[in-house]
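The values are calculated or read from the model by the stated rules, or taken from the named source; none is laboratory data. Remember, predicted model here, so these are calculated numbers, not experimental data. Positions of Cβ are generated from backbone atoms using ideal geometry, with glycine treated the same way; all protein chains shown enter the neighbour counts. Heads up: the accessible areas ignore ligands, DNA and RNA and are worked out on the full protein's heavy atoms, side chains in. Shrake-Rupley method; radii C 1.70, N 1.55, O 1.52, S 1.80 Å.
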Amino acid sequence: MKATCFMGRNSVKVEEVPDPKILNASDVIVKVSSTAICGSDLHLVDGYIPTMMRGDILGHEFMGEVVEAGSKVKTLKSGDRVVVPFDIACGVCGPCQNEAYSLCENSNPNAWMAASMWGHAGAGAFGYSHLTGGYAGGQAEYVRVPFADVGPLKVPDGMTDEQVLFLGDIFPTGYMGAEMCDIKPGDVIAVWGCGPVGQFAIASAYLLGAERVIAIDRFPYRLKMAREKAGAETINYEEMDVLDTLKEMTGGRGPDACIDAVGMEAHGHGPMWIYDRAMQAARVETDRGTALRESIMACRNGGTVSIIGVYGGFMDKFPIGSIMNRSLTIKSGQCHVQRYMHPLLERIQNGEIDPTFVITHTLPLDDAPHGYDIFKNKLEECEKVILKPN
Amino acid sequence: MSTRSATVDNAGWDVDVSNEQGLAAARAGWSNGGQSHTGSIDPDLDRLTRALGWFSIGLGVAQIVAPQRMAQIVGFAEDDTNVPLFRAVGVREIASGVGILTQSNPSSWLWARVGGDAMDLALLTKAMGTDHADRGRIAAATAAVVGVTAIDALAGMRHSRDLNGSTSLDERPAPSEPRVASAITVNAPIAEVFAAWNGFRDLPRFMTDFATVEVRNDRQSHWEATLPAGMSFGWDVTITESKANERIVWTSDEGSGIEASGEVRFNRAPGDRGTEIMFDARFNPPGGEIGNKIAGLFSDPLGVKVNNDLRHAKQLIELGEIVKSDDTMVKGPNPARPIGDMRVT
C-alpha cells in the first residue's frame with residue numbers, strides 16, 4: 001500500500017509499504033477514505049518530538065471503512081464506516097474506566113520510553129513517534145486500529161467524511177480546551193493560535209457559553225477565519241502588544257481563561273523570542289514558551305490557563321511566580337477523544353456547528369509532501385489539508 | 001509490607017528470618033566486600049594470587065614503556081594510533097597488581113582484573129575488524145586473555161568463598177547488593193491477580209523482557225536474564241513461601257548461577273483501584289563490593305525490564321492478551337510500519 005512516511009527532519013515521502021495485518025484479537029483494519037495533516041504532525045516532521053524513526057508512517061486523523069476484524073471484535077464488521085480517535089485506549093484499565101482515555105495504561109507498548117522522559121507514560125497514539133507506542137499512522141491506504149470496540153465511532157448514514165473526520169482529534173481537542181476553562185456566563189476567553197485546533201477552541205468556547213472570545217495570531221487569513229467563521233474578536237500580535245490590548249479589551253482584568261492552542265513551536269518577536277529560538281535550536285529546551293508565557297501573564301487573577309497545544313519536554317523561563325502569586329489554575333492534557341465523540345457528533349447533527357469551515361485544501365495522498373509544505377509554511381492561505389488515499 | 005519472611009541458604013549456614021532486621025542481616029551475609037580479612041589463606045591460593053599481582057604489574061610497565069611493541073605483539077596496527085590506549089591499559093594493570101599485592105583482602109582487586117580482562121577481550125574483538133590488523137596474532141592474544149580471565153575468576157571466587165566462610169554474621173557490613181524492583185496497579189480483584197502469579201506457572205506468558213522463565217513444577221523454575229552486549233546470567237528459583245493474596249517469596253538454589261532472592265507482594269489498591277503488585281528482587285553477584293558496584297549499574301535498566309513484564313502481566317489480566325504495535329513486532333529499533341511477511345505469534 002501507499003503511506004506517508006517520515007524520512008528524516010523536514011522530509012516526508014509517500015512510499016510503498018506492506019499492508020497492515022491484525023496483530024491483536026481486538027484489532028480491525030480500516031481502508032482509509034479521508035485523512036488530515038495535523039499541526040502536531042509538523043512538530044514530528046520538524047524534529048522536535050524525540051524517538052521518530054526514518055520510515056515511520058505518519059497520521060493520526062483518519063477515517064474509513066472496516067475491511068477486516070479480529071476474532072474478539074464485537075461492535076464492528078466489514079463494511080462499517082468509522083472515524084478513529086488519535087489516542088489508542090483499551091477501555092478496561094483504571095483511567096479508561098474514568099474516561100481519561102489518553103492516559104490508558106495498556107495501549108503504549110513503549111511506555112518505558114515515555115516514562116523515562118515524563119515520569120509516567122500516557123496512552124499510545126497513531127503515527128506519533130515511538131514514545132507513544134510506535135504505531136503506524138493513518139496517512140495511508142490502510143491502517144490497523146487496535147481496541148476497535150473502544151475507539152472508533154460508527155458514522156451515521158448520510159454524513160460526509162468532511163463533516164465527521166475532525167471528531168477523531170481537532171474538534172474534541174479544541175472542545176476539551178474550552179471545557180477545561182470551566183466557562184461561566186459572562187466569561188471572556190482568549191485563545192492563542194488560529195490554526196484548526198484554535199478555531200475549534202473558539203467555536204467550542206461559544207458552545208459552552210462564553211460571552212466573548214478573543215483570538216491571537218499573526219496570519220491575517222487565519223484571523224479572518226476566526227472572526228468570520230468562528231465569531232472571535234482578533235489580535236494580530238505583530239501589530240499590537242497582546243498584554244496591553246487584552247487589558248484594554250477586558251477593563252484591565254484580563255481574560256477569565258486563556259487557551260494555548262499553539263504549543264512547542266510558538267512564534268513571537270522581541271528578545272525573548274530570539275532567546276527561545278536559540279535555546280531550542282541548541283536543544284537546551286525542547287519547547288518554545290512564547291505563547292504559553294504570554295497566556296499565563298495575560299490571564300486574570302484567579303483565572304485558568306488551559307494548555308492543548310502540544311509540548312514535548314522542557315521549557316525555559318517558565319513564569320511560575322505569576323501562577324503562584326495570582327492563584328492561577330493550569331489545566332492540560334492530550335484530548336480524551338473517546339469521551340467527546342458522541343456528544344460532539346450530536347452537536348454536528350443538530351446543526352450547532354459545521355466543522356467543515358476549517359478545510360482549505362483537499363489533495364490526493366500522493367501529494368502529501370506538498371500538503372505538509374503549504375501547511376507548515378502557511379502558503380496558499382492553508383488552514384487544513386485533507387488527503388484522499390483511494 | 002513490614003513483615004517479611006525468607007529462608008536463606010548460603011555458604012553452609014541457614015538463617016530463618018522473620019523480620020526486616022533479620023533479612024537485612026541475612027542479606028549482609030552474602031556481601032563480602034569492604035571487610036578486612038584476617039583468616040588464614042590456603043598457601044596455593046596465596047601463591048597464585050601473588051603471581052597474578054606481579055603479572056599485572058609487569059604487563060602494565062611493558063604497556064607504558066613500550067606501547068608500540070606491545071601493540072605489535074598482540075597484532076594491532078604498528079603505528080601511533082594505539083599508544084594512548086595501551087598506556088591507559090598499562091595504568092589499569094599496575095593499579096590492579098598493586099591492589100592484589102598490598103590488600104589483606106585481594107578478592108575485589110582480583111575481580112577488577114576480571115573486569116579488565118573483559119575490557120581487553122572487547123578491544124581485541126574490535127581490533128579484529130580493523131584494517132592493518134594481524135588477525136593471527138590477535139587470535140593468539142585473545143586465547144591468552146581468555147586463559148588469564150579463567151585464572152583470575154577462579155582466584156577471585158576462591159577468595160570470595162574463603163572470606164564468606166570465615167567472618168561472623170554480626171561483623172558483616174551493611175548490605176549493598178543490587179536491588180531490582182518495580183510496582184504496578186492492575187484493575188482486577190486481588191484473588192485474580194494472585195492467581196496469575198501463583199506457583200509462577202504463568203510467568204513464561206508475561207515474563208519475557210527481564211528474564212525468560214522455564215517452569216519445572218509448582219515451586220521450582222529456572223530464570224535467565226539478559227544484559228546488554230549479549231551477556232546473560234541464570235539462576236534456579238525455589239518458592240519458599242506462598243501466602244494466598246499476599247506474597248510469594250523465592251530464593252535461588254545453592255549452586256545456581258547467581259545468588260538471588262525476592263518476593264512478589266500483592267496489596268489491595270486504595271480507592272477501589274484493584275490490586276498493587278510489587279516485584280522486589282535482590283542479587284548477590286560474585287566479586288564482593290566490586291561485583292555489587294558493576295551489577296548496580298544494571299539494576300536500573302533491569303528495573304525498567306521488570307516494569308515492562310509487569311505491564312505484560314497487567315495486559316494479560318485486564319485484556320487477555322499482550323498489546324502489540326508495529327514497533328514491537330521485531331526486536332530492536334524498527335520503524336512504525338507494517339512488516340512484510342512477519343510471523344505473528
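Could you grab me the full set of residues in segment B:288-312 that are open to solvent by less than 30 Å² (accessible area, probe 1.4 Å) and in contact with a Ser or Thr (Cβ under 7 Å, 6 or more places away or on another chain)?
Answer for segment B:288-312, where residues must be open to solvent by less than 30 Å² (accessible area, probe 1.4 Å) and in contact with a Ser or Thr (Cβ under 7 Å, 6 or more places away or on another chain): B:288, B:292, B:303, B:306, B:309, B:310.
Can you find a residue in segment B:7-30 that is on the phi < 0 side of the Ramachandran plot, assigned to a helix (DSSP H, G or I), open to solvent by 70 Å² or more (accessible area, probe 1.4 Å) and at pLDDT below 65?
yes
Condition first: of a type outside the set (S, T, N, Q) and either modelled with pLDDT under 95 or touching a Lys or Arg at 6+ places or on another chain (Cβ under 9 Å) (or both). Now tell me which residues in segment A:191-201 satisfy that.
The answer is A:193, A:194, A:195, A:196, A:198.
For segment B:329-343, enumerate the residues that are facing chain A (nearest Cβ under 10 Å) and without any contact (Cβ under 8 Å) to a residue 12 or more places away in the chain.
If the condition is that a residue be facing chain A (nearest Cβ under 10 Å) and without any contact (Cβ under 8 Å) to a residue 12 or more places away in the chain, then B:333, B:334, B:335, B:336, B:337, B:340, B:341 are the ones that fit.
Just to be sure, is residue A:205 outside any helix (DSSP H, G or I) and either surrounded by 16 or more Cβ atoms within 10 Å (Cβ to Cβ) or of a type in the set (Lys, Arg) (or both)?
It is false that residue A:205 is outside any helix (DSSP H, G or I) and either surrounded by 16 or more Cβ atoms within 10 Å (Cβ to Cβ) or of a type in the set (Lys, Arg) (or both).
Return only the number of the condition from (1) part of a strand (DSSP E or B); (2) in the same structural domain as residue A:69 (by TED's automatic domain parsing) that residue A:213 does not satisfy.
Residue A:213 satisfies every listed condition except (2).
Rundown of residues vs (1) buried (at least 24 other Cβ atoms within 10 Å of the Cβ); (2) more than 21 Å from the chain's Cα centre (by Cα); (3) not assigned by TED's automatic domain parsing to the domain that holds residue A:153, yes/no style:
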{"site": "A:13", "(1), (2), (3)": "no, yes, no"}
{"site": "A:25", "(1), (2), (3)": "no, yes, no"}
{"site": "A:32", "(1), (2), (3)": "yes, no, no"}
{"site": "A:47", "(1), (2), (3)": "no, no, no"}
{"site": "A:63", "(1), (2), (3)": "yes, no, no"}
{"site": "A:74", "(1), (2), (3)": "no, yes, no"}
{"site": "A:87", "(1), (2), (3)": "yes, no, no"}
{"site": "A:99", "(1), (2), (3)": "no, no, no"}
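So, residue A:156, is that one crowded, with 21+ Cβ neighbours inside 10 Å and part of a loop (DSSP other than H, G, I, E, B) or not?
Answer is no for this residue.
Do we find that residue A:294 is within 24 Å of residue A:131 (Cβ to Cβ), acidic (Asp, Glu) and not assigned by TED's automatic domain parsing to the domain that holds residue A:38 in this structure?
no
What number of residues within segment A:346-390 are out of contact with any Phe, Trp or Tyr (no Cβ under 6 Å at 6 or more places or on another chain), of a type in the set (Asp, Glu) and outside any loop (DSSP other than H, G, I, E, B)?
Going through segment A:346-390 one residue at a time, the tally reaches 5.
Give A:135, A:142 a once-over and let me know the one that is of a type in the set (Phe, Trp, Tyr) and either open to solvent by 10 Å² or more (accessible area, probe 1.4 Å) or not assigned by TED's automatic domain parsing to the domain that holds residue A:25 (or both).
Being of a type in the set (Phe, Trp, Tyr) and either open to solvent by 10 Å² or more (accessible area, probe 1.4 Å) or not assigned by TED's automatic domain parsing to the domain that holds residue A:25 (or both) holds for just one of A:135, A:142, which is A:142.
Looking at segment B:283-328 only, could you name the residues that are of a type in the set (A, V, I, L, M, F, W, C) and facing chain A (nearest Cβ under 7 Å)?
Passing the criteria: B:304, B:319, B:323.
Only one of A:59, A:94 is over 30 Å from residue A:286 (Cα atoms) and either among the charged types (D, E, K, R) or assigned by TED's automatic domain parsing to the domain that holds residue A:122 (or both). Can you tell me which?
The unique qualifying residue is A:94.
Could you list all residues from segment A:173-195 that are open to solvent by 10 Å² or more (accessible area, probe 1.4 Å), assigned to a helix (DSSP H, G or I) and touching a residue at least 60 places away in the same chain (Cβ under 8 Å)?
A:173, A:175
Give all pairs with beta carbons closer than 9 Å in which a residue from segment A:335-363 that is farther than 30 Å from residue A:95 by Cα and in contact (Cβ under 8 Å) with a residue 24 or more places away in the chain meets a residue that is among the β-branched types (Val, Ile, Thr) and open to solvent by 60 Å² or more (accessible area, probe 1.4 Å); count only pairs at least 6 apart in sequence or on separate chains.
A:356/A:160
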